[in-house]
1. Which numbered condition in (1) surrounded by fewer than 18 Cβ atoms within 10 Å (Cβ to Cβ); (2) modelled with pLDDT of 50 or more is the only one that residue 15 fails?
2. Please enumerate the residues belonging to the range 696-734 that are outside any loop (DSSP other than H, G, I, E, B), closer than 30 Å to residue 372 by Cα and open to solvent by 50 Å² or more (accessible area, probe 1.4 Å).
3. Which residue is least open to solvent (accessible area, probe 1.4 Å), if the candidates are limited to the range 159-172 and must be modelled with pLDDT of 95 or more and not aliphatic (A, V, I, L, M)?
4. Only residues that are modelled with pLDDT of 95 or more, open to solvent by less than 10 Å² (accessible area, probe 1.4 Å) and in contact with a Pro (Cβ under 6 Å, 6 or more places away or on another chain): list them for the range 101-123, please.
5. State all residues of the range 124-157 that are in contact (Cβ under 8 Å) with a residue 40 or more places away in the chain, open to solvent by 50 Å² or more (accessible area, probe 1.4 Å) and part of a strand (DSSP E or B); if no residue qualifies, say none.
6. Scan the range 524-534 and give yes if some residue there is open to solvent by less than 10 Å² (accessible area, probe 1.4 Å) and within 24 Å of residue 607 (Cα to Cα), otherwise no.
7. I need the full set of residues from the range 457-472 which are open to solvent by 40 Å² or more (accessible area, probe 1.4 Å) and out of contact with any Asp or Glu (no Cβ under 9 Å at 6 or more places or on another chain), in order please.
8. Among the numbered criteria (1) crowded, with 23+ Cβ neighbours inside 10 Å; (2) without any contact (Cβ under 8 Å) to a residue 12 or more places away in the chain, which single criterion is violated by residue 544?
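The values are calculated or read from the model by the stated rules, or taken from the named source; none is laboratory data. Note that the structure is a prediction, hence the values are computed from the model and not measured. Cβ sites come from the backbone with ideal geometry, for glycine too, and all protein chains shown count toward neighbours. Just so you know, the surface numbers come from the protein's heavy atoms only, side chains and all, with ligands and any DNA or RNA stripped out. Shrake-Rupley method; radii C 1.70, N 1.55, O 1.52, S 1.80 Å.
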Amino acid sequence: MIQINLFLKQLFIFISLLGINYSSITAQNAVNIPLLQAKFITGNNEAYKKPAYNDSGWEIQQLGQTWQAQGHPDYHGYAWYRIHLLIPSSLKETAFWKDSLRIYLAHVNDVDETYLNGKLIGHTGSFPGEDGGYASKWPAVREYHIPLKEEAIHWDSDNIIAIKVFDGGGTGGIFMGQPYIDLLEKINGLLISIDHEQIRYNRDGNASANIMLHNQYKVQLNGTLQTSIVDELTGKTIKNMRQQLLLDPLGKKNIVLAMPNRAGIAIHLLFKEKNSGLELAKMVTLPYILTPQPGDKPVIHGAAVTGLKPGHPFIYKVAATGKKPLSYLADKMPEGLTLNQHTGLITGTIKTAGGYEINITVKNTNGYDTKRLKIKAGNILALTPPMGWNSWNCWGTSVSDDKVRNSAKALVDLGLTGYGWNYINVDDGWQAMQRSADGEMVPDEKFPDMKMLGDYLHGNGLRFGMYSSPGTHTCGGFPGSYQHELQDASMYAGWGVDYLKYDLCSSIDSMKNNVSPADHQHPYKIMQADLAQQSRDIVYSICQYGIKDVWKWGREMEGNLWRTTEDIEDTWESLYHIGFKQDTLFPYAGPGGWNDPDMLTVGMVGWGENLHPTRLTPDEQYTQLSLWSMLSAPLLIGCDLSRLDKFTLNLLTNGEVISIDQDELGKQARRLINKDSIQVYIKDLADGNKAIALFNISQKYRHYYASFKALGLNDNYHVRDLWRQADISDHLQGVEKRIPPHGVFLFKLTSSGKHKK
């Protein structure tokens, strides 16, 4: 015990010298050795796995961060990490179970092969050239267990953990968590989670939730479970429970809890194992509903403007809610367009360039709503940010025709199309591994007929999105469009594609050392010219992660949106570093061209397998939707729509919040306040009003008063809470709120003199 305490004391001193907060290191067991840094080199050499290899000339990388953030912003491909560490035998003395050594590497993007002192201990995914081809396993957690009797463990001596990594695109390396080693204990197999799909929200303002306990190990768990329901806003405990808990090997148990449906309700669980006395703590935040349920009377949602090119086929679904059936009417319909009175689908072709305005009316037995729609026939598409669904964050490369159709059906059946969600975008993984003999791109057998899929989507009022890369291969290892650009563009047009995501991936390999802005622009310019030859409107999504300030030249490539960041993940760290770093880009966003901070990470996500509820808290999810809307960012859902829980559906169906994103003026919000963990954004709207968002980026509740005068707003305002769809008051000079951790308040400000009650 003295030895391990001395070791940990020395380790703590070493960590302190590095300026790292020991308390922030995330490990399940109190006795663990954090893996803070490693030797690092790009490229691939099998000699790197040998313990005796001399890596003295390698650079140092901090573990838990991408290599893009540590000096390799444009690198994709192979790399190696070598971690040097002492494994003290005193770890065994402090352990109770004494079964296995655990090496936890957090997340690896995309494939890894891990060695301990030259012995292979883990291989997740498939490298290019292996049987079956390249297979990304992002974002699977890398956790490898080694029996304590394994001779590869060098107790009380030097050890080398060598990790070969391959990154096919996007972020690369070992990140999204702090790696560590420890000894497994029985309680490490206890998984505590909330069943989001089974949460029930009652009309009396309360909710009930299933807490799921799952023993993932083949040993019995016996102990006590302390459960507390706490109002984090007031600090008061609503309810306390204590019970004996016996879980058989691989056993499961559900606990049903009732609690208020409001912000700040948290469930604290503490399991104490009987024999060892070891404890496992878990805090679960209850998702809470803010947006009122829509009424029976029709309401028209969606953007007030849309664009098309003359002579091209046009498809537009009038977004409206209300009790079915609905009927759709329009006056002054432009020549060449027709409106289906039963479906609200406008189709046809406008031959003459110009601006057209039509009044659309939606009726049912409960009433009607009318809205003016502007149709601009010219050379600009995406006059408001695209909205819809993308397959990647959910299905990864396992996407299929059935999954796409099911997602489209869910988008319609759940009423999301009534709020303007209309793109169904098939991301990477739809291709076969080889082109045909004549160079044609061949869909994988999972997609029997792309033309029929496009027709199915269009028949349901949806738009069809497709994916490719300017390189020889995509991020998933499938054929890219390099030297087949016109061939592919023509094929997409023939399938009825309305949107193309063009992902950098392997294209950067062909640039070698030529990484000027012109080099990055060149492949996107080629595809742009080939898309322009097609007699079809295809929204062009430039996906190259913000390299060489793409926001400054994306519009020149006739891009309609351009990724400004690496891939987003479902963590606060990722959301913060991506979403709150967009504030300087506001001059480059506007109708026809949008800054794209990547997809929404709400709902059930998993990147191809092991779908899980987003790790974002409810407040963080409200923050993402609010921030993306203030930024005029594309809104692309990335979750499994067939498993959309009530909270996520409610989150995605607030027409007033969406209207901020889809505002016709198209101005990205500006950040005016960034002080003491409070950030305030203001956005100008087409009707002359303002949207204002108050964000709390700290981990504690923060009280804040937003003075309108201090924000440069010299007027009294009528204030409306957009998430709650409730008027606060008139003639206000500011708003005062207690903002949840990582939470938000989103308001619309109307000059009191203009407000109509």
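1. (2)
2. Initially, the range 696-734 is screened for residues outside any loop (DSSP other than H, G, I, E, B), giving 696, 702-707, 717-721, 726-732, 734.
From what's left, closer than 30 Å to residue 372 by Cα: 717-721, 726-731.
Selection gives 720, 727, 728, 731.
3. Quick first cut of the range 159-172, residues modelled with pLDDT of 95 or more only: 159-165.
Retained after the next criterion (residues that are not aliphatic (A, V, I, L, M)): 159, 164.
Working: 159: 2, 164: 17 Å².
Across the range 159-172, the extreme among qualifying residues is 159.
4. Across the range 101-123, the qualifying residue is only 105.
5. 143, 145, 147, 155
6. First, the residues of the range 524-534 that are open to solvent by less than 10 Å² (accessible area, probe 1.4 Å): 524, 527.
From the residues that got through so far, the ones that are within 24 Å of residue 607 (Cα to Cα) too are none.
No, the conditions are met nowhere in the range 524-534.
7. If the condition is that a residue be open to solvent by 40 Å² or more (accessible area, probe 1.4 Å) and out of contact with any Asp or Glu (no Cβ under 9 Å at 6 or more places or on another chain), then 459, 460 are the ones that fit.
8. Single failed check for residue 544: (2).
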